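Here the structure comes first, spelled out in structure tokens, and everything after it is commentary.
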Amino acid sequence: MADLFFASFFVIAGLLMTGITYATGHTFWLILAVMGFPLVGALAALGFYEVSRRRSLGEPLALSQVMGVVWRARTGQLPWLAVIIIVVFLFWFFLGHMIFALFLGLSPMTNVSSSLDVFFTSEGLSMLAFGTAVGAVFAIVVFSISVLGMPMLLDRDVDFMSALLRSIVAVQEAPVVYLFWGVLIAAATLAAMVPLFLGLFLVMPVLGHATWHLYKAVTAPEEAP
């Protein structure tokens, strides 16, 4: 029940994002939003982390109790890391618009509200390639600070800088493993968006719980007496 509830946030957000984008006639923003969607995924995954934590401890999985823990986290250190992620996401939107203007600002086919053909021109393909590379940098930054940082702030009484740095150190120690995991998360999330975002009902709980178990596996030696 809890998994379905938290996954619904992803689906509803995706559908609203698509509806608003098409209603305003600016389909370019939909591409930016879809590419940036995984950046904020760590924020909405908190519910899955709490469900996994409770399962491991044998605690009740009542939705009200899970929501209570997630809601109380707003008064701790977690919002500071959340702010960093949101700022990165917003900056990605701004930079994405600049990239669009740089490559297609002078193109006669800039009416992307009526046709997506502009993205298949040489300028459009160059823009997508460059934008994807830049977006990957943003994704790596957010992934590095949140993959262990977010679950740690939910699980322990630590400051956000300690959690952020611990997450970065873990990524630096095993870059290939985390690169594979990050690419898998991005690919699964984007694929789940294709069928009207409905695939997120399955993908997000799986990724959320898997990330929690990854966090516990990495930090377990630190908890041993």
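Read the figures in this text as sums done on the coordinates, not as results from a lab. Note that this is a predicted model, so its numbers are computed, not measured. For neighbour counting, all protein chains shown are included, and Cβ atoms are generated from backbone atoms with ideal geometry for every residue, glycine included.
Which order results if VAL206, VAL51, VAL69 are arranged by neighbouring Cβ count within 10 Å, fewest first?
Taking fewest neighbouring Cβ atoms as first place, the list is VAL206, VAL69, VAL51.
In what sequence do TRP92, TRP181 fall when counting other Cβ within 10 Å, fewest first?
TRP181, TRP92
Using a Förster distance of 22 angstrom, determine the FRET efficiency expected from the C-beta separation of ALA136 and ALA13, and round it to 0.05.
0.50
Stretched out fully, how many nm does the piece from VAL169 to VAL83 gain, at 0.36 nm a residue minus the Cα gap?
Additional length available on full extension: 28.9 nm.
Between ALA129 and THR219, what is the label-to-label distance in nm when each label sits 7 Å out along the Cα-to-Cβ direction?
Going by the 7 Å Cα→Cβ label model, 4.1 nm.
Grab the Cα-Cα distance for ALA62 and THR121, subtract it from 0.36 nm times how many residues apart they are, and report the gain in nm with one decimal.
Gain in length upon complete extension: 16.0 nm.
Could you please report the charge total around PHE9, scoring K, R as +1 and D, E as -1 over all other residues with beta-carbon less than 15 angstrom from its beta-carbon?
Local charge sum for PHE9: -2.
So for MET67, MET98, MET152, fewest C-beta neighbours within 10 Å to most, what's the order?
Least to most surrounded, the residues fall as MET98, MET67, MET152.
On a full-extension model of 0.36 nm per residue, what is the gain between PHE94 and ASP159, subtracting their alpha-carbon distance, rounded to one decimal in nm?
20.5 nm
Output the relative contact order of segment 133-225, whole-number percent, from Cα pairs under 8 angstrom with separation of 6+ residues.
Result for segment 133-225 is 25 percent.
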